[in-house]
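> I am attaching a structure below and will ask some questions about it afterwards.
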Amino acid sequence: MSRKVIIYPGTFDPLTYGHIDIIERGANLGDQLIVAVSLNSGKQPLFTIEERTALVMAEVKQINAKQKTTTPVLVKSFSGLLTDFATEQRATAILRGLRAVADFEYEFQMASINKRLHGELETMFLMAAEQQHFVASRFVKEIALFNGDVSSFVPANVADALHRKMKETSAN
Ligand code: ADP
């Protein structure tokens, strides 16, 4: 039987507890979950792809240590089309998180486009957890910019990276 490889793609600029919740819940949906950090130059991310990937890797390491029985979650970065990356990884499905109504239209469009580009690739959605449904990387960056407390939205190492990055950018 073929292995069910699921890809959870995103910009993760930076990783939040909302993303972490989707990773934890998605880890057992198939045989293998791959968190795929997208270069996404269109969004002009605050963190480089290397920084974003390293932050996701650090967190996934802890998730893997907690969820010992499952196949470890993998973290990879990619540029270019998600459908090409999915083919390369022999993925059967894409996993995305859905927050309230705001995400729906964009996600519906992306899922339809990806389906047209790669007919066998399904997109599945997990509803954001009740405590995380308003958490967005965009807001977390804004709070950090004004030196606010981001500790309830992101893990400690992400909060540190955010504050370092804000200092760096304001020094330039
Ligand atoms: P992208 O640029 O691909 O949308 P993001 O990092 O913003 O990348 O989001 C990646 C995925 O995680 C998306 O499906 C998004 O809806 C989901 N997501 C983001 N924040 C949350 C959250 N708080 N709860 C659940 N899902 C979330």
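The values are calculated or read from the model by the stated rules, or taken from the named source; none is laboratory data. Since the model is a prediction, treat every value here as computed from it, not as a measurement. Methodologically, a virtual Cβ is constructed for each residue, glycine included, from the backbone with ideal geometry; neighbour enumeration extends over all protein chains shown. What goes into the accessible areas is simple: the full protein's heavy atoms, side chains included, and nothing from ligands, DNA or RNA. Shrake-Rupley method; radii C 1.70, N 1.55, O 1.52, S 1.80 Å.
> Consider A36 against the criteria (1) within 22 Å of D103 (Cα to Cα); (2) part of a helix (DSSP H, G or I); (3) not β-branched (V, I, T): it satisfies all of them except one. Which criterion is unmet?
Of the numbered conditions (1) within 22 Å of D103 (Cα to Cα); (2) part of a helix (DSSP H, G or I); (3) not β-branched (V, I, T), the odd one out for A36 is (2).
> Do any residues in the stretch 38-60 that are more than 12 Å from N157 (Cα to Cα) have Cβ atoms under 7 Å from those of residues that are among the basic types (K, R) and open to solvent by less than 60 Å² (accessible area, probe 1.4 Å), where the two are at least six apart or on different chains, and which pairs are they?
These pairs meet every condition: P45/R52; L46/K141; L46/K165; F47/K165.
> While we're on this one: Inside the stretch 6-33, can you point out the residues that are assigned to a loop (DSSP other than H, G, I, E, B) and either open to solvent by 20 Å² or more (accessible area, probe 1.4 Å) or farther than 13 Å from V154 by Cβ (or both)?
Hits for the stretch 6-33 are T11, A27, N28, L29, G30, D31.
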